[in-house]
Amino acid sequence: MPIIVQKYGGSSVADIERIQAVARRVVETKRAGNDVVVVVSAMGKTTDSLLAMATQINPAPSSRELDMLLTVGERITMALLSMAIQTLGVDAISFTGSQCGIITNASHNRARIVEVRPFRVLDELETGKVVIVAGFQGVSYRREITTLGRGGSDTTAVALAAALGASHCEIYSDIDAVHTADPKVVLDAKRLAEVSYDEMLALARHGAKVLNADAVEFARRAGIAVYTRSSFRGDAEGTVVRRDPPTPWRPVTGVTSRKGVWAVELPAAVSFFEALDDLEGLPGAVDFACRTSAGDRVFVLRPDFDHGAEARIRRALGGAGDGARVQGGLGTVTVVGDALGAADVRRAWTECLRRFGEVFGVVATPTAVTVIVREGQVDDLVRTLHESCIGSGQEGNEWARQCGR
């Protein structure tokens, strides 16, 4: 039978009623003649609650103990869902990340999967069981429990799909599809029925919450098609992410953003590479680096950089931290597309930013333009750039016309 991997996010399993609804969907997929592997996240805001408890006890908890604590959430969900499926007359079994063979590197809080050994999963599928797997977690080659960072359950699902030779991977959440912007921010954002791996990877890396960037990278390497679907609206059309989808060429794919960004500004006299090495000691902290007009170095940290940030940053920098300016309350807005390096397009977005007002920095590549602003300005800038780049319809895409397409 074909193997289908389904992943359900925290909102999809937020309470008992929703877990039972997921169980019914899983059983329906199984009875349609498929082998089914289900990857689950923690219920609702469980991870945030556990993290809050940890920081009440220790403002800067050790990364190892955080991993031991946070992996509890997914284990609760996997056991409850397995029980719910069993009550519907289908045999099921739950596994932790380590039990199902998710092997990671030794980095706590933001580990990367290096190998998947799904022998136990395959054995249980052979007996006709549905296999439920705790997402977001694995075990390092040192036999330590590790977590994969925010959105890591997506990565678990795609990595398992690749290792099992699944026909495809389905990602269920409260977000039904990939859009040209967050539809909660831009009300006329358009659904993208199909996107390429490269487009989705760029969107995910710069803040789109539909899929985790590591998951997209796994899917690209393995050639696994990923379908995003709604857990709550069965009739909602989603998005398929795959290699070279048959879509019309588009100069701009979308506008995405992130909030809760930290930035570290270091005087020009501080060695760039030494500071980078120091900050990379904080697992997965540095997102990108740039320079100000005065020559100072600015390191922008990922929004999921954990609590106790400023103290940890200064501690990591040592003596160089005395002259550092550490600033929170920032955000980034990124325009993703294939034509951003064209001269006319470049003039278009620079004029848009000039009209917008104060920005802290801009990093531009041929396929992504990232702007650093205050957190409170993020949504306004998303709307401004979306209107300029994409508008309310394809015929209104100014950049497409300027590119001559």
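The values are calculated or read from the model by the stated rules, or taken from the named source; none is laboratory data. Please read these numbers as outputs of a predicted model, since none were measured by experiment. Here the Cβ positions follow ideal geometry from the backbone for every residue, glycine too, while neighbour counts run over all protein chains shown.
Brief remarks follow.
- First in the stretch 142-154 and farther than 14 Å from S98 by Cα and touching a residue at least 60 places away in the same chain (Cβ under 8 Å), second anywhere and among the hydrophobic types (A, V, I, L, M, F, W, C) and surrounded by fewer than 24 Cβ atoms within 10 Å (Cβ to Cβ), Cβ under 6 Å, 6 or more apart: none
- Each residue in the stretch 189-234 was checked for being at positive phi and touching a helix residue (DSSP H, G or I) at 6+ places or on another chain (Cβ under 8 Å), and 0 pass.
- Entry remark, the stretch 120-135: residues being assigned to a helix (DSSP H, G or I) and under 27 Å from the mean Cα position of the chain (by Cα) number 1 in total.
- From A162, A215, residue being closer than 21 Å to R302 by Cα and touching a residue at least 24 places away in the same chain (Cβ under 8 Å): A215
- Taking the criterion of being among the β-branched types (V, I, T) and part of a helix (DSSP H, G or I), the only residue of the stretch 204-220 that qualifies is V216.
- Selected residue (only one of I103, I85 is of a type in the set (A, V, I, L, M), in the same structural domain as A162 (by TED's automatic domain parsing) and under 27 Å from A222 (Cα atoms)): I103
- Just one residue in the set T147, T96 is buried (at least 19 other Cβ atoms within 10 Å of the Cβ) and either in contact with a strand residue (DSSP E or B) (Cβ under 9 Å, 6 or more places away or on another chain) or farther than 16 Å from V5 by Cα (or both); that residue is T147.
- Top-ranked residue of the stretch 243-274 - restricted to ones that are in a strand (DSSP E or B) and over 22 Å from P366 (Cα atoms), ranked as modelled with the highest pLDDT: K259
- Among the residues making up the stretch 171-204, a single one is surrounded by fewer than 22 Cβ atoms within 10 Å (Cβ to Cβ), among the charged types (D, E, K, R) and within 27 Å of V114 (Cβ to Cβ): D198.
Conditions tested, residue by residue: (1) free of Cβ contacts under 8 Å to residues at least 40 places away in the same chain; (2) in a helix (DSSP H, G or I).
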position: V5; (1), (2): no, no
position: R18; (1), (2): no, yes
position: A21; (1), (2): no, yes
position: R24; (1), (2): no, yes
position: E28; (1), (2): yes, yes
position: V38; (1), (2): no, no
position: A42; (1), (2): no, no
position: D48; (1), (2): yes, yes
position: L51; (1), (2): no, yes
